[in-house]
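Taking it in order: structure first as structure tokens, then the write-up.
The values are calculated or read from the model by the stated rules, or taken from the named source; none is laboratory data. Note that the coordinates shown come from a computational prediction; the quantities given were computed from them, not determined experimentally. Reconstructed Cβ throughout: ideal geometry from the backbone, glycine too, with neighbour counts over all protein chains shown. To get the accessible areas, we keep the full protein, side chains included, count just its heavy atoms, and leave off ligands, DNA and RNA. Shrake-Rupley method; radii C 1.70, N 1.55, O 1.52, S 1.80 Å.
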Amino acid sequence: MSRLFKKILVANRSEIAVRVMNACRTLGIPSVAVYSDADQNARHRLMADESVHLGPPPPRESYLDIDKIIAAAKDVGADTIHPGYGFLAENPEFATKCTKAGITFIGPDAEAIKLLGNKVESRIKMVDAGVPLIPGMKGAAKDPNQFKNAADEAGYPVMIKAAAGGGGKGMRVVHTPEELQPAIEAAQREALNAFNDDTVYLEKYIVKPRHIEFQIMADHHGNCVHLFERECSIQRRHQKIIEETPSTAVDHDLRMRMGADAVKVAKAANYKNAGTVEFLLDESGHYYFLEMNTRIQVEHPITEMVTGIDLVVEQIRVAAGEKLSFDQESLRQRGHAIECRIYAEDGENNFMPSTGSILHYSEPSGPGVRVDSGIRLGMEIGIDYDPIMAKLIVHAPDRDLAIGKMIQALNEYKILGVRTSKRFMIDVLNHPAFIKGETFTDFIELNMSERESSEDVLREIGAAVAACAATNGNSSGAGETVSSSPMTPWQTIGQWEIGGTINE
Amino acid sequence: MNSLEFIFDGDVVEASVERAGENFRVKSGDKEFLFRPEGENLFSCLVNGHKSLLAVVAHQGKYYIDYDSHQFELTDPSEDGFAGGGDAHGGDKDKIFAPMPGKIVKILVSVGDSVSIKQPMVVVEAMKMENQVNSRANGTVKAINFSDGDQVDTETPIIELEIAPEE
């Protein structure tokens, strides 16, 4: 096989950088990591074939520094850059500068990023394309009276959103007119910090919605298909923590209609490469276009598990000018997949960010269990970057089996030194409402505020296992002995193949 | 038989352990467990008829544990530097600390304000998210040591209260 590219620089860190490097290995293309002072020991740096130091930890001086990253690519002879998600992934200036430097940017072109990155402009475009939208402001505004009028017109509750937003940053729900002004200010501050743009807008807040998104893949030969839905309704602070596919709320007919509209969105934006069209689905089966994310998504692995398509490999192939390796008719959803995000946060204390050194690290394994991890033993988890450490993904013949497999895998996934939300997510997965598929975006508020404390058991079993460790002489600290062997990322990928049977 | 003491949530918990072949038989309180080593830092154990994998690692006088995805720490009281486990600022209800090193976005109260328990006091930004810190007591704001935009650590109180006498 002749190589699609000479060398791919991955302009990102943590689990997604490792994931992209996996795809590079699959295709036999050397990968290049970039890293900041905080990531000298990071897993993504060690995974790459070579690495380039960017600078101090603050993103502006490292992972967000366009000129440094392009210079790094030039230095090592990389002809391609994969941006991952976050950082520069949806920055049209970066895409443009890559092209000008003669480097292929793996993603859509700058025009599509610009259009879809601006939620106000993309709304107007999608109305024209005939895609259903949530009622609200037609454009951005600064004047508080415009917000007040728009809120009165749409009817409370309303939602304030950042025009350049994503990931729950710069978003506020407002229930009463009195809350409106403080919410706008808070959203503007968060938007300014996160996106360097304080433009916010207002729309009607849909009560009891589900978050349903469709994976899109489009090539440069006019082919544009969807790879079915992902349900991402389980969110805390408007950030997804558990995703699954298929959705319990989407039947064949609805799937075909939403998928067709998702393709319509991508075509209206002249979209190329992998992208995700987000919808809200209400209880009566109406759906509304939210936005299109112009990047590979955090939760892309669940789509890979049920379709057998390696989306990142496909991204690279499409960027090299190849045709999609599948068409709409050949795609099938096989079984059920769930992803749990492993954040450095305390699920028992309001998801407060958690920092520290990874003192122990061991991954679950087995058929249908996949770990996409950016961490390793001895690594320091600080406050400089997004707190996602890893993702745990399971695949099983049906939803009940997938839930059971996920609970077991979470319990076998051991990370000590930094808190996670593993226990919280197990309690979600065990909740009767989750098992029934009653997954709405208010699931956590509604079902998880009163959780039982199990402190009584912890006291004795904790003392008992500590006594075993003391007797056994287990006292390895971070970096002292590196004898646990985290599985190499490419060993953990792929229990599936196109047309294959699920072997369990 | 080896008897050990640990601190859990401020209380002393005892455990006595003996080897049983390659396994460990442990008594703690009125409960008895049999642990089987499963590799570095890992043990399996049958608890209430359900087999669990536990991870434990000792680091700087603390035992970090994951049992059924409950993550918690026990302190070894014999280690130097034991200062009582749990929340570092557990007793200081009259002081408001940042939960994480970060930047103060907005202080929501002024000196002299009377505040009630759970009232939002300050918004701190860390890891690109805004975190609201609430009062843990009823009282009056005595001092504010920072301004909006300041960087804070977790050791210096942002706001100090005069706690209202209990009724």
Residue that is more than 18 Å from the chain's Cα centre (by Cα) and open to solvent by 10 Å² or more (accessible area, probe 1.4 Å), where the choices are A:Pro209, A:Pro177
A:Pro177
Give the stretch B:37-60 a look and list any residue that's within 16 Å of A:Val418 (Cα to Cα) and either more than 7 Å from chain A (Cβ to nearest Cβ) or surrounded by fewer than 16 Cβ atoms within 10 Å (Cβ to Cβ) (or both), or say none.
B:Gln60
Tally time: how many residues in the stretch B:140-167 are in a strand (DSSP E or B) and small (Gly, Ala, Ser)?
1
Quick check on my filter: what residues within the stretch A:34-74 are open to solvent by less than 30 Å² (accessible area, probe 1.4 Å), touching a His at 6+ places or on another chain (Cβ under 9 Å) and part of a helix (DSSP H, G or I)?
A:Ala72
Among (1) under 26 Å from A:Arg257 (Cα atoms); (2) in a loop (DSSP other than H, G, I, E, B), A:Val120 falls short only on (2)
Mind counting the residues in the stretch A:86-114 that are in a helix (DSSP H, G or I), surrounded by 14 or more Cβ atoms within 10 Å (Cβ to Cβ) and either of a type in the set (Lys, Arg) or touching a strand residue (DSSP E or B) at 6+ places or on another chain (Cβ under 9 Å) (or both)?
7
Need at least 2 residues that are farther than 12 Å from B:Leu161 by Cβ and more than 24 Å from the chain's Cα centre (by Cα) per element, so show me which strands (runs of 3 or more DSSP E) inside the stretch B:94-136 make the cut, counting only ones lying wholly within it.
B:102-107
Positions within the stretch B:8-36 being aliphatic (A, V, I, L, M) and open to solvent by 20 Å² or more (accessible area, probe 1.4 Å), in sequence order:
B:Val12, B:Ala20, B:Leu34
Residue that is farthest from A:Phe424 (Cα to Cα), among those in the stretch A:229-248 that are within 14 Å of chain B (Cβ to nearest Cβ) and among the polar types (S, T, N, Q):
A:Gln239
Filtering the stretch A:384-422 down to residues that are more than 14 Å from every other protein chain (Cβ to nearest Cβ), in contact with a helix residue (DSSP H, G or I) (Cβ under 8 Å, 6 or more places away or on another chain) and in a helix (DSSP H, G or I), which residue is surrounded by the fewest Cβ atoms within 10 Å (Cβ to Cβ)?
A:Asp400
